[in-house]
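**Student:** Below: one structure in structure tokens.
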Amino acid sequence: MAIHKSGEDYLEAILMIQKEKGMCRSIDIAHHLNVSKPSVSVAMGSLRENGMITTNADGYMCFTKAGFKIASEIYARHVLLTEFLTSIGVSPDIAQEDACKIEHDISPETFSALKQFIAEQSGKNQA
């Protein structure tokens, strides 16, 4: 199932909030992404319809297996891209912003090659 960039942003936000707080509600997402609560409600409805999340009786977001897989992949891309950009001299704030842009458009092949390159460079730096 293909998820658009905005859906990926919401899934990644849920994961990041869960990592930070242990749980995530719509209001947390609105604050994290600096969007309105109605925008979050629409997005959560779409993610529920597409089988990416569920919402429990207390209003907390829970991933389905498919939703967690996508969120984890996007988050991993974000982390690796941010680390790479800062390692080549990009300021942390700009690296975060640029990683957010790149993480949605980078092909699996390019991301895999970048990940391998970084691993090889890390090995060389430790030797």
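The values are calculated or read from the model by the stated rules, or taken from the named source; none is laboratory data. From a predicted model like this one, the values you see are computed outputs, not experimental measurements. Backbone-built Cβ (ideal geometry, glycine too); neighbour counts: all protein chains shown. Only protein heavy atoms, including side chains, enter the accessible area calculation; ligands, DNA and RNA are left aside. Shrake-Rupley method; radii C 1.70, N 1.55, O 1.52, S 1.80 Å.
**Student:** Could you please find all residues in region 94-114 being part of a helix (DSSP H, G or I), farther than 18 Å from residue 9 by Cβ and open to solvent by less than 50 Å² (accessible area, probe 1.4 Å)?
**Tutor:** 114
**Student:** While we're here: Among the residues of region 115-127, which ones are in a helix (DSSP H, G or I) and either free of Cβ contacts under 8 Å to residues at least 12 places away in the same chain or open to solvent by 70 Å² or more (accessible area, probe 1.4 Å) (or both)? Lay out the reasoning, then the answer.
**Tutor:** Quick first cut of region 115-127, residues in a helix (DSSP H, G or I) only: 115-126.
Result: 115, 116, 117, 119, 120, 121, 122, 123, 124, 125, 126.
**Student:** Are any residues in region 55-93 more than 12 Å from the chain's Cα centre (by Cα), within 15 Å of residue 18 (Cα to Cα) and surrounded by 14 or more Cβ atoms within 10 Å (Cβ to Cβ), and if so, which ones?
**Tutor:** 55, 60, 61, 62, 63, 64
**Student:** If residue 35 satisfies every condition in (1) surrounded by 12 or more Cβ atoms within 10 Å (Cβ to Cβ); (2) more than 19 Å from residue 4 (Cβ to Cβ) but one, which is the exception?
**Tutor:** Every condition holds for residue 35 apart from (2).
**Student:** Condition first: basic (Lys, Arg) and touching a Leu at 6+ places or on another chain (Cβ under 9 Å). Can you find one or more residues in region 43-61 that meet it?
**Tutor:** no
**Student:** Please go through region 29-49 and pick out each residue that is assigned to a helix (DSSP H, G or I) and free of Cβ contacts under 8 Å to residues at least 24 places away in the same chain.
**Tutor:** We begin by selecting, within region 29-49, every residue assigned to a helix (DSSP H, G or I); these are 29-33, 37-49.
Result: 30, 31, 32, 37, 38, 39, 41, 42, 45, 48, 49.
**Student:** Follow-up question, since we're still on this one. State all residues of region 1-28 that are assigned to a helix (DSSP H, G or I) and open to solvent by 60 Å² or more (accessible area, probe 1.4 Å); if no residue qualifies, say none. Quick ask: steps written out before the conclusion?
**Tutor:** Within region 1-28, the first condition is being assigned to a helix (DSSP H, G or I), and the residues that meet it are 5-21, 26-28.
Of everything in region 1-28, those that are assigned to a helix (DSSP H, G or I) and open to solvent by 60 Å² or more (accessible area, probe 1.4 Å) turn out to be 5, 6, 19, 20, 21.
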